[in-house]
Every structure is written in C-alpha cells, then in structure tokens.
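The values are calculated or read from the model by the stated rules, or taken from the named source; none is laboratory data. Because the structure is a prediction, the values reported are computed rather than measured. Neighbour counts are summed over all protein chains in view; Cβ atoms, including those assigned to glycine, are modelled from backbone coordinates with ideal geometry.
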Amino acid sequence: MQMSEIMLLVEAHKKARSGDAKRIRQQAGLTMSQVAAVVGVGESTVSRWEGGSRKPRGEHALKWAALLNELERAQVKPVAA
C-alpha cells in the first residue's frame, strides 16, 4: 500500500467518525445503494461505514475513500471575490 492510499483511508475514517461521509454522500445526491454499487459492497456495509461501527478494509476501503474524496472535491465551490 502506498502512502497516498494510506492517507485516503485515514481521511475516510475521520469522515465516517465525524458524520462527514454521510453528509458528503447526501450533498452529492447519492443513495447508500448507489455508493455500494460503485464500491462493490452491500448497502448495509456502507451504512456501517458511515455510522462508524465498521472500518472499511482492503480494495473496497480504497474505492470508498477515493469516492468520498472525489465527491468532496466536486462539491467545493470557489469563494466569490
């Protein structure tokens, strides 16, 4: 595992604990089912990850972390001058 992947996982775990993972998904207009399909897990797994009761692992964890990161970046809007 590369450093960038580790950092993605650390950030995803922080987002899950703080409730930001769910907020990011909802602001993107995605359902847990849609996220689960992209990541390759069941909807209940995404629910557990978002709730912080389970930590994602392996390939699915990296996919979820990357998805959260991209969704969050897409939602950031520049401040008007």
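Here is a list of conditions, (1) in contact with a helix residue (DSSP H, G or I) (Cβ under 9 Å, 6 or more places away or on another chain); (2) at pLDDT 90 or above, and residue 52 meets all of them except one; can you say which number that is?
The one condition residue 52 does not meet is (2).
Which residue pairs have Cβ atoms closer than 7 Å, lie 6 or more positions apart in sequence or on different chains, and pair a first residue in the range 47-73 that is of a type in the set (Ser, Thr, Tyr) with a second residue that is surrounded by 17 or more Cβ atoms within 10 Å (Cβ to Cβ)?
Partner pairs satisfying both residue conditions: 47/32.
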